Amino acid sequence: SKAKLFDEKTDTRTSFKDVAGLEGAKEEVQEIVEFLKNPDKYTSLGGKIPKGALLVGPPGTGKTLLAKAVAGEAKVPFFSLSGSDFVEMFVGVGASRVRDLFKQAKDKSPAIIFIDEIDAIGRARGKNNFTGSNDERENTLNQLLTEMDGFGTNTNVIVLAATNRADVLDKALMRAGRFDRQIYVDLPDLRERKEIFEVHLRPIKTAETLDLDFLAKQTPGFSGADIANVCNEAALIAARKEKKAVTKQDFLDAVDRIVGGLEKKNKIIT
Ligand code: ATP
């Protein structure tokens with residue numbers, strides 16, 4: 001596959017301001033920001049900076065966004081790859097990609113490595129071992145564990161990984177000195193949905209003052225990604241109707257459209 005497996009973005013524009021709600025998770029990752037900004041302060045007393053943390057929660061809840069915000073707040077480079085990129089990979093390629101990624105991050109440290117969908121490589125070993133590609137997945141996972149164990153105490157690279165299936169992960173990943181912290185990133189409640197609307201309404205030209213409580217009440221079960229989608233869709237609906245600004249009705253139409261999409265998706269799954 002020619003997919004780009006990791007990309008470094010010295011993009012320091014994502015900040016905690018872009019992440020609505022998730023107060024508890026933000027508080028937990030704030031500590032990681034401090035470690036990255038000022039590693040010596042923490043190691044001077046003999047402490048070891050954590051090497052990894054697992055961001056656990058449903059799709060679209062802001063795990064990637066939060067990881068980018070950590071890098072942005074600490075002003076360090078962000079290296080990322082997705083576990084799903086390793087599916088159907090030729091023998092040896094997965095492990096060597098992981099090796100390259102860690103080498104690059106170490107060269108540019110302090111840095112953040114983000115592994116999305118870690119369950120695609122980090123599922124418990126020795127299960128479902130009937131497909132050939134599984135061996136390569138294991139090689140990749142083993143390389144990841146080797147890299148994390150190989151970090152010195154002053155490597156100053158912190159690995160954040162995201163999953164919505166922490167239960168299927170190989171326990172070896174969660175051992176001390178690896179992903180030994182779990183940070184929960186849940187679906188937003190009413191108040192958080194309101195805050196997410198606030199963030200995603202920033203670039204939208206609205207025709208009237210929108211009642212955000214009302215919008216939040218119309219969107220139970222929506223993730224942050226769904227709400228971002230609603231705001232974008234509303235602007236497109238209004239534009240299609242040659243409007244000069246987006247109205248409340250456009251938002252309601254957008255909500256209907258997203259609900260329709262979600263229902264379709266659920267039908268395919270069940
Ligand atoms: P997945 O598990 O599907 O990879 P994720 O949890 O990593 O999802 P993101 O990719 O971070 O989710 O979220 C997608 C988009 O949804 C973000 O880029 C952002 O626009 C919006 N979003 C999600 N959560 C939030 C939030 N808490 N605040 C603001 N925007 C959010």
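Can you give the percent of C-alpha pairs in the stretch 98-246 whose distance is more than 26 Å?
Details: 5459 of 11026 pairs.
The proportion of pairs with Cα distances above 26 Å equals 50 percent.
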- Please list the non-local residues whose amide H lies under 5 Å from the amide H of Asp116, H modeled 1.01 Å from N, same-chain partners needing a gap of 5 or more. Leu81, Ser82, Gly83, Ala162
- Message: Can you return the aspartates and glutamates within cross-link range of Lys244? Criterion is Cα-Cα under 13 Å, with same-chain partners fewer than 8 residues away left out.
- Response: Glu208
- Using every alpha carbon pair in the chain, what percent of pairs falls into each 10 Å bin from 0 up to the bin containing the largest distance? 7, 26, 30, 22, 12, 3, 0
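Could you tell me which of rounded, prolate or oblate describes the stretch 8-115, using a ≥ b ≥ c as the square roots of the eigenvalues of the alpha-carbon gyration tensor, with rounded for a/c under 1.5 and, failing that, prolate when a/b is larger than b/c and oblate otherwise?
Working: a/c = 1.88, a/b = 1.24, b/c = 1.52.
Judged from the Cα gyration tensor, the stretch 8-115 comes out oblate (a/c at least 1.5, b/c at or above a/b).
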- Message: I'd like the orientation of helix 93-107 relative to the chain: the angle between its Cα long axis and the longest Cα principal axis, in ° from 0 to 90, rounded to 10.
- Response: 90
- Task: Note the full-extension length gain between Lys171 and Arg99 as 0.36 nm times their separation in residues minus their Cα-Cα distance, in nm to one decimal.
- Result: 23.8 nm
- Protection proxy ranking, peptides 238-247, 15-24, average beta carbon neighbours within 10 Å, highest first: 15-24, 238-247
- Distance between the stretch 12-84 and the stretch 218-240 - C-alpha centres, whole angstrom: 27
- Message: Which one, Gly92, Gly52, Gly260, has the greatest fluctuation when you compute a Gaussian network model over the chain with C-alpha springs under 10 angstrom?
- Response: Gly260
- Message: Under 10 Å, Cα contacts only: if you run a Gaussian network model on the chain, which one of Ala172, Ala111, Ala53 comes out with the highest mean-square fluctuation?
- Response: Ala172
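Only the coordinates and a few stated rules stand behind these numbers; no lab work does. Everything quoted here is computed from the prediction, not taken from an experiment. Heads up, the Cβs are rebuilt from the backbone with ideal geometry, glycines too, and the neighbour counts pull from every protein chain shown.
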